[in-house]
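Report on the structure given below.
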Amino acid sequence: MSVLREKILHVASDLFQTRGINSTGVDTIVAVAGTTKMTLYKYFRSKEDLILEVLQKGHSDFTEWLSHNLSKNTKKPSERLQKLFDFIEEWVTAPDFRGMAFLKASAEFPNEENPVHRLSAEQSRQFRQFLAELAADAGARDPDSLALQLSILIEGAIQAEQIKRGSGAVKYAKKAAKILIENSLEKQAA
């Protein structure tokens with residue numbers, strides 16, 4: 001992949017996360033990236049295509065980071081599920097935390113027919129599926145229900161942290177998740 005293309009993606013991602021997607025024009029992206037509109041449109045047919053690629057890359061990077069940390073730092077499937085919120089907390093409290101791009105994008109593009117909204121909804125579904133697979137591997141009684149509950153806690157904590165850094169929401173979400181996970185695994189063992 002072209003270095004300039006990567007730079008445009010990185011700059012667009014940063015600007016979309018800090019200023020908002022709709023508030024960031026192509027002129028701003030090319031100015032910060034030190035390029036031209038012609039070059040941007042060489043790599044991306046439209047601003048919408050750029051937005052979609054930024055969302056895809058961000059989601060992929062986050063999922064790979066989380067999977068890697070869960071695999072590297074835990075051996076048993078039940079440990080992965082129980083350590084999930086440790087890594088979510090690490091991510092949310094990091095100085096460069098910007099939130100989940102698909103949450104922000106879906107708020108900026110509320111029309112369900114919009115391609116950005118559709119991709120955001122799909123990424124939310126994929127994240128729940130990732131959680132459901134962790135729950136199933138751990139032996140949870142109802143992996144899909146537990147995944148939905150955990151995603152609500154994670155997404156809510158992220159929103160709270162985006163509104164006010166240092167809110168402590170992730171610590172409370174982590175406590176609630178522990179209860180839900182233990183309850184789900186206990187009932188499976190019974």
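The values are calculated or read from the model by the stated rules, or taken from the named source; none is laboratory data. Given the structure is predicted, the values throughout are model-derived calculations rather than measurements. Cβ atoms come from the backbone with ideal geometry, glycine included; neighbour counts cover every protein chain shown.
Lys75 passes every criterion in (1) outside any helix (DSSP H, G or I); (2) at pLDDT 95 or above; (3) of a type outside the set (Phe, Trp, Tyr); (4) more than 16 Å from Val3 (Cα to Cα) apart from (2). Among the criteria (1) of a type in the set (A, V, I, L, M); (2) surrounded by fewer than 15 Cβ atoms within 10 Å (Cβ to Cβ); (3) touching a His at 6+ places or on another chain (Cβ under 8 Å), the one Met38 does not fulfil is (3).
With the requirement that a residue be more than 28 Å from Ile181 (Cβ to Cβ) and either crowded, with 18+ Cβ neighbours inside 10 Å or out of contact with any His (no Cβ under 8 Å at 6 or more places or on another chain) (or both), what does segment 111-130 give you? Explain how you work it out, then say what you get.
To start, the set of residues in segment 111-130 that are more than 28 Å from Ile181 (Cβ to Cβ) comprises 111-119.
Answer for segment 111-130, where residues must be more than 28 Å from Ile181 (Cβ to Cβ) and either crowded, with 18+ Cβ neighbours inside 10 Å or out of contact with any His (no Cβ under 8 Å at 6 or more places or on another chain) (or both): Glu112, Glu113, Asn114, Pro115, Val116, His117, Arg118, Leu119.
Annotation note: of Glu89, Glu48, the sole residue that is modelled with pLDDT of 95 or more and either outside any helix (DSSP H, G or I) or of a type outside the set (A, V, I, L, M) (or both) is Glu48.
Can Asp144 be described as at pLDDT 95 or above, outside the structural domain of Asn22 (by TED's automatic domain parsing) and either among the hydrophobic types (A, V, I, L, M, F, W, C) or in a helix (DSSP H, G or I) (or both)?
On the way: at pLDDT 95 or above: yes; outside the structural domain of Asn22 (by TED's automatic domain parsing): yes; either among the hydrophobic types (A, V, I, L, M, F, W, C) or in a helix (DSSP H, G or I) (or both): yes.
Spelling it out, Asp144 is indeed at pLDDT 95 or above, outside the structural domain of Asn22 (by TED's automatic domain parsing) and either among the hydrophobic types (A, V, I, L, M, F, W, C) or in a helix (DSSP H, G or I) (or both).
Of all the criteria given as (1) modelled with pLDDT under 95; (2) assigned to a helix (DSSP H, G or I); (3) out of contact with any helix residue (DSSP H, G or I) (no Cβ under 8 Å at 6 or more places or on another chain), the one not satisfied by Arg125 is (1). Of all residues in segment 131-178, those satisfying the criterion of being surrounded by fewer than 20 Cβ atoms within 10 Å (Cβ to Cβ) and more than 29 Å from Asp96 (Cα to Cα) are Ala136, Asp137, Gly139, Arg141, Asp142, Asp144, Ser145.
When residues in segment 1-27 are screened for being within 23 Å of Gln162 (Cα to Cα) and either in contact with a Cys (Cβ under 7 Å, 6 or more places away or on another chain) or of a type outside the set (D, E, K, R) (or both), 15 of them pass. Taken together, Glu53, Glu48, Glu6, Glu108 contain a single residue that is out of contact with any Lys or Arg (no Cβ under 8 Å at 6 or more places or on another chain) and loosely packed, with under 14 Cβ neighbours inside 10 Å, which is Glu6.
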